[in-house]
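The values are calculated or read from the model by the stated rules, or taken from the named source; none is laboratory data. Everything quoted here is computed from the prediction, not taken from an experiment. Every residue, glycine as well, gets a Cβ built from its backbone with ideal geometry; the counts of neighbours run over all protein chains shown.
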Amino acid sequence: MSATYFPEVTKPIAYEGPKSKNPLAFKWYNPTQIVRGKTMAEHFRFAIAYWHTFKAGGADMFGPPAWVRAWNAGTPLEAANKALAANFEFIQKLGLSYYCWHDRDIAPEGATPAESTQNLHAIVKEAAKYQADTGVKLLWGTANLFGNPRFTHGAGTNPDLQVFAWAAAQIKDALDATLALDGENYVFWGGREGYETLLNTRYKQETDQLARLLHLAVDYKKKIGFKGQFLIEPKPHEPTKHQYDFDAATVIGFLHTHGLADHFKLNIEANHATLAGHTFEHELTVASADGKLGSIDANAGDVLLGWDTDQFPVDIYSTTKAMLVVLAQNGLGSGGFNFDAKCRRGSLETLDLFYAHIGGIDAFARGLLVADKLLADRALEDFVSKRYASWDTPFGQDVLTGKVDLETVAALASQKGEPVPQSGRQELLEIIVNDYLLGV
Ligand code: XUL
Ligand code: CO
């Protein structure tokens, strides 16, 4: 294995088990271990986020990039080629199989749309060679429709049709590139699709514009024969004050309103969930309930900071609850777990990239094992089944499926009398989850 950009890691990260003291080893993620009939590798399909891992430099609001990265050198195209080499070396050394990109992460924007297309084609050609050589695959591609100042007032939702046209041009190219690299999904995150003030905004028209852009993408997808899954990634705010794709429930409503529900699933990001005032498992549950949980951006926010810190997930309580939802719907299909996460500014070495990913991977692997055991033992389910037992009766099912009218169900009130209040046993269930977390 070549040691160009990560000489500090000389062999692929291996599973060594929970007793290992080696920080460059997995303690819980054993890619070949079977859980519920699937290997751990199949359960997760972990992906590297190109933007955080290879393009971020630790910059924040108060200081410029702070990290020295050997691949960040030469002309923009030379640097793009070096980052590509680093990407495949890193993924192979981590023992993973997927990556995700924005168009502008992998190839520099040119002076004209034609030059941008050309840059993207050149890099895609190289990426295809690396993919063929390494077996690493593209989980999803997306277009960066928020970085360039032309998108300040939105992309699809911009008041200027000319900006909409530039967004369309970028989506077209990004879809072509995703198809060329056999991408398994394509993500739409509504970067600046939102508003700052209603004083200057036609809310209804902007949401119609967004729906139109998505319909155009669906039509183009069919035209070029792209079979991957389209995904929308909700986020409540940041960069705009109010984003139209606020949360899972809002996006699901939007998709149904605009005749897009058959064409999209959701990519749920943990930190976006908490920004919306929800838990990660809430957003996963809402998406899953509508058959729309398609993929996951695996990261975490900071409880004390109300913004999108995109930290690596280490909280196994949260990963366990997430995996309960994923297992209940029998996996993510063509989706996976993309580490949309970055090291803290102070974690400045490339070695920190390995520790960060290993920590996140193990946190989810542990969550999978605990969730599997909770399900296998029906540790929560027996209580939940009892809680809903009245609905599982034939009469309950008739009410639920609309076979019973209001008077008939109302008659039950006097027939059976005052309902007996039942404990929800929240604290007991929390103890049970803790026991499993500590016991696995
Ligand atoms: C931004 C974010 C994006 C999307 C892809 O908060 O999560 O990186 O995942 O555009
Ligand atoms: Co994301």
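From the list 272, 278, 282, the one residue that fits, being closer than 28 Å to residue 45 by Cα, surrounded by fewer than 24 Cβ atoms within 10 Å (Cβ to Cβ) and within 16 Å of ligand 2 (Cβ to nearest atom), is 278.
Selection of the stretch 181-212 for residues being within 15 Å of ligand 1 (Cβ to nearest atom) and either of a type in the set (D, E, K, R) or surrounded by fewer than 20 Cβ atoms within 10 Å (Cβ to Cβ) (or both) yields 192, 193.
Out of 32, 39, 75, 4, which single residue is under 22 Å from the mean Cα position of the chain (by Cα) and β-branched (Val, Ile, Thr)?
Working: 32 fails: under 22 Å from the mean Cα position of the chain (by Cα); 75 fails: under 22 Å from the mean Cα position of the chain (by Cα); 4 fails: under 22 Å from the mean Cα position of the chain (by Cα).
Residue meeting the stated conditions: 39.
Determine, yes or no, whether residue 318 is over 19 Å from residue 367 (Cα atoms) and touching a Gly at 6+ places or on another chain (Cβ under 9 Å). Spell out the reasoning first.
On the way: over 19 Å from residue 367 (Cα atoms): no; touching a Gly at 6+ places or on another chain (Cβ under 9 Å): yes.
Considered against the rule, which asks whether it is over 19 Å from residue 367 (Cα atoms) and touching a Gly at 6+ places or on another chain (Cβ under 9 Å), residue 318 comes out as no.
Just the residues that are in contact (Cβ under 8 Å) with a residue 60 or more places away in the chain and more than 16 Å from ligand 2 (Cβ to nearest atom), please, taken from the stretch 327-342. First the steps, then the outcome.
The initial filter retains those residues of the stretch 327-342 that are in contact (Cβ under 8 Å) with a residue 60 or more places away in the chain, namely 327, 331-342.
Once the filter is applied, which keeps residues that are in contact (Cβ under 8 Å) with a residue 60 or more places away in the chain and more than 16 Å from ligand 2 (Cβ to nearest atom), the stretch 327-342 yields 327, 331, 333, 334.
Condition check: assigned by TED's automatic domain parsing to the domain that holds residue 84, out of contact with any Ser or Thr (no Cβ under 7 Å at 6 or more places or on another chain) and of a type in the set (Lys, Arg). Does residue 192 satisfy that?
Numbers: assigned by TED's automatic domain parsing to the domain that holds residue 84: yes; out of contact with any Ser or Thr (no Cβ under 7 Å at 6 or more places or on another chain): no; of a type in the set (Lys, Arg): yes.
Spelling it out, it is not the case that residue 192 is assigned by TED's automatic domain parsing to the domain that holds residue 84, out of contact with any Ser or Thr (no Cβ under 7 Å at 6 or more places or on another chain) and of a type in the set (Lys, Arg).
Regarding the stretch 238-249, can at least one residue be identified that is among the hydroxyl-bearing types (Ser, Thr, Tyr) and either at pLDDT below 95 or within 16 Å of ligand 1 (Cβ to nearest atom) (or both)? Yes: the stretch 238-249 contains one or more residues that are among the hydroxyl-bearing types (Ser, Thr, Tyr) and either at pLDDT below 95 or within 16 Å of ligand 1 (Cβ to nearest atom) (or both). Considering (1) among the β-branched types (Val, Ile, Thr); (2) out of contact with any strand residue (DSSP E or B) (no Cβ under 9 Å at 6 or more places or on another chain); (3) in a helix (DSSP H, G or I), the lone condition that residue 68 does not fulfil carries the number (3). Taken over the stretch 366-399, the criterion of being in contact (Cβ under 8 Å) with a residue 24 or more places away in the chain and not charged (D, E, K, R) is satisfied by 367, 368, 369, 370, 371, 374, 375, 379, 380, 383.
Residues are listed down the side, and each one gets a yes or a no for (1) surrounded by 15 or more Cβ atoms within 10 Å (Cβ to Cβ); (2) within 16 Å of residue 178 (Cβ to Cβ); (3) within 16 Å of ligand 1 (Cβ to nearest atom):
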position: 95; (1), (2), (3): yes, no, no
position: 116; (1), (2), (3): yes, yes, no
position: 156; (1), (2), (3): yes, no, yes
position: 163; (1), (2), (3): yes, no, no
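Hey, can you tell me all the residues within the stretch 153-201 that are of a type in the set (D, E, K, R) and touching a helix residue (DSSP H, G or I) at 6+ places or on another chain (Cβ under 8 Å)?
First, the residues of the stretch 153-201 that are of a type in the set (D, E, K, R): 160, 172-173, 176, 182, 184, 192-193, 196.
Of everything in the stretch 153-201, those that are of a type in the set (D, E, K, R) and touching a helix residue (DSSP H, G or I) at 6+ places or on another chain (Cβ under 8 Å) turn out to be 172, 173, 176, 182, 192, 193.
Answer yes or no as to whether residue 6 is closer than 24 Å to residue 346 by Cβ, surrounded by 12 or more Cβ atoms within 10 Å (Cβ to Cβ) and not assigned by TED's automatic domain parsing to the domain that holds residue 339. Full working, then the answer.
Details: closer than 24 Å to residue 346 by Cβ: yes; surrounded by 12 or more Cβ atoms within 10 Å (Cβ to Cβ): yes; not assigned by TED's automatic domain parsing to the domain that holds residue 339: yes.
For residue 6, the condition - closer than 24 Å to residue 346 by Cβ, surrounded by 12 or more Cβ atoms within 10 Å (Cβ to Cβ) and not assigned by TED's automatic domain parsing to the domain that holds residue 339 - is met.
Residues in the stretch 46-58 that are part of a loop (DSSP other than H, G, I, E, B) and either out of contact with any Lys or Arg (no Cβ under 9 Å at 6 or more places or on another chain) or within 15 Å of ligand 1 (Cβ to nearest atom) (or both): how many? Residues in the stretch 46-58 being part of a loop (DSSP other than H, G, I, E, B) and either out of contact with any Lys or Arg (no Cβ under 9 Å at 6 or more places or on another chain) or within 15 Å of ligand 1 (Cβ to nearest atom) (or both): 1 in total.
Would you tally the residues in the stretch 1-13 being closer than 20 Å to residue 338 by Cα and aliphatic (A, V, I, L, M)?
So in the stretch 1-13, the residues closer than 20 Å to residue 338 by Cα come out as 12-13.
Applying the additional criterion that residues be aliphatic (A, V, I, L, M) yields 13.
Looking only at that region, the number is 1.
Picking from residues in the stretch 246-269 that are among the acidic types (Asp, Glu) and under 14 Å from the mean Cα position of the chain (by Cα), the one that is farthest from ligand 2 (Cβ to nearest atom) is 247. Only a single item in (1) surrounded by 22 or more Cβ atoms within 10 Å (Cβ to Cβ); (2) under 30 Å from residue 28 (Cα atoms) is not met by residue 102, and it is number (2).
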